[in-house]
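*Asks:* Attaching a single structure in structure tokens format; questions to follow.
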Amino acid sequence: MSATFTVARKEFQDGLRNRWVLAIALVLALMAVGIAYFGAAASGGLGFTSLATTVVSLSTLAVFLIPLIALLLAYDAIVGEQEAGTLLLLLTYPMSRSALLLGKFLGHGLILGVATTLGFGIAGIAIALGAPDVELLALARSIGLLIVSSVLLGWVFIAFAYLISVWVVEKARAAGLALIVWFVFVLVFDLALLALLVGAQNGGDWLPYLLLLNPTDCFRLINLAGIEAAQAYSGLTALARESAFQPGWLMLILLGWILVPLGLALLRFRHRSV
């Protein structure tokens, strides 16, 4: 366990030194504040709008940015070490392959967690200071839920990045597969589900449960399903009104989305030749 934390600390320090934490936090903060402030521009106004509209906008931003950032952060975690010739050296140290991979995962997860908390935290403070008549308790609850679920969503795609990184032998191929994973889960899945929804004339009660097959939709459900005003903006998530779609259960499903690809990555890495 000490070896795992040693690797995690090194990865986090590398993230600080390479400005990953600062860059991610700044990008999220600037885009979140910008989207929240200019969210009413389409209707001819500027300034912060209602909390529901702001949460919908920030959730949409997170769905597009967080998975992409997570994949770019970790796609070369193992294959990059192998191409650089340092993986074999790392494996000569007195630690198991599982400790090495878990340590790297924890380090990257901490980088993304700290950066996400800073980015959306700054946005929440800006909204609290700039939005008129905002209920601070409701804002804190919504931003807190957004931060926690965003971190979990990021860890899901870090786990996917590790699964890719232990499966391929070239960084270029890993980068391509990472972009495909982002494209499928962020864009293609919902388009396919919408097409299925249009084609299902009867017996479509099972369709909302297909949302659980996509971690980005689980994230949307966590942040939007409880907001009545968000149903007009949230697309497929307006389908999810059953009691099964409670934030607590959805958080557990996101944890499952982390554990499954991470477990597969561990199994693959144990049998990978270097």
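*Asks:* Give the residue that is most open to solvent (accessible area, probe 1.4 Å), with candidates limited to residues of segment 140-160 that are more than 19 Å from ALA52 (Cβ to Cβ) and not β-branched (Val, Ile, Thr).
*Replies:* Result: TRP155.
*Asks:* Any residue at all in segment 178-191 that's small (Gly, Ala, Ser), at pLDDT 95 or above and either over 13 Å from the mean Cα position of the chain (by Cα) or surrounded by fewer than 19 Cβ atoms within 10 Å (Cβ to Cβ) (or both)? Reasoning before the result, please.
*Replies:* At the first step, the residues of segment 178-191 found to be small (Gly, Ala, Ser) are 178.
Next, only the ones that are at pLDDT 95 or above stay: 178.
Those left that are additionally either over 13 Å from the mean Cα position of the chain (by Cα) or surrounded by fewer than 19 Cβ atoms within 10 Å (Cβ to Cβ) (or both): 178.
The answer is yes, given that some residue of segment 178-191 is small (Gly, Ala, Ser), at pLDDT 95 or above and either over 13 Å from the mean Cα position of the chain (by Cα) or surrounded by fewer than 19 Cβ atoms within 10 Å (Cβ to Cβ) (or both).
*Asks:* Out of the residues in segment 161-172 meeting the condition of being open to solvent by 30 Å² or more (accessible area, probe 1.4 Å) and touching a helix residue (DSSP H, G or I) at 6+ places or on another chain (Cβ under 8 Å), tell me which one is nearest to GLY113 (Cα to Cα).
*Replies:* So the first thing to find is which residues in segment 161-172 are open to solvent by 30 Å² or more (accessible area, probe 1.4 Å), and the list is 163, 167, 169-172.
Among the residues that remain, those that are also touching a helix residue (DSSP H, G or I) at 6+ places or on another chain (Cβ under 8 Å) are: 163, 167, 169-171.
Values: LEU163: 20, TRP167: 25, VAL169: 28, GLU170: 28, LYS171: 25 Å.
Ranking the candidates gives LEU163 first.
*Asks:* Pick from segment 7-26 the residues that are at pLDDT 90 or above and not aliphatic (A, V, I, L, M): which of them is most open to solvent (accessible area, probe 1.4 Å)?
*Replies:* So, considering only residues that are at pLDDT 90 or above and not aliphatic (A, V, I, L, M), the one most open to solvent (accessible area, probe 1.4 Å) is ARG9.
*Asks:* When you look at GLN201, is it open to solvent by 20 Å² or more (accessible area, probe 1.4 Å), modelled with pLDDT under 95 and within 22 Å of GLY248 (Cα to Cα), yes or no?
*Replies:* When the stated conditions are applied, GLN201 does not pass them.
*Asks:* In addition: Which members of segment 227-274 meet the condition of being within 22 Å of LEU58 (Cα to Cα), of a type outside the set (A, V, I, L, M, F, W, C) and modelled with pLDDT under 55?
*Replies:* GLU228, GLN231, TYR233, SER234, GLY235, ARG241
*Asks:* Assess whether VAL79 counts as being touching a Lys or Arg at 6+ places or on another chain (Cβ under 6 Å) and β-branched (Val, Ile, Thr). It would help to see each step written out before you state the result.
*Replies:* Details: touching a Lys or Arg at 6+ places or on another chain (Cβ under 6 Å): yes; β-branched (Val, Ile, Thr): yes.
Yes, satisfied.
*Asks:* Sticking with this structure for a sec: Taking the conditions exactly as written (open to solvent by 10 Å² or more (accessible area, probe 1.4 Å) and closer than 23 Å to ALA3 by Cβ), does GLY103 satisfy them or not?
*Replies:* No: the conditions fail for GLY103.
*Asks:* Taking the stated definitions as given, is ALA195 open to solvent by 30 Å² or more (accessible area, probe 1.4 Å) and modelled with pLDDT under 70?
*Replies:* Numbers: open to solvent by 30 Å² or more (accessible area, probe 1.4 Å): yes; modelled with pLDDT under 70: no.
Criteria not met by ALA195.
The values are calculated or read from the model by the stated rules, or taken from the named source; none is laboratory data. Treat the numbers as computed from the prediction; the structure is a model and nothing was measured. Please note: Cβ atoms are built from the backbone with ideal geometry, for glycine as well, and neighbour counts cover all protein chains shown. Just so you know, the surface numbers come from the protein's heavy atoms only, side chains and all, with ligands and any DNA or RNA stripped out. Shrake-Rupley method; radii C 1.70, N 1.55, O 1.52, S 1.80 Å.
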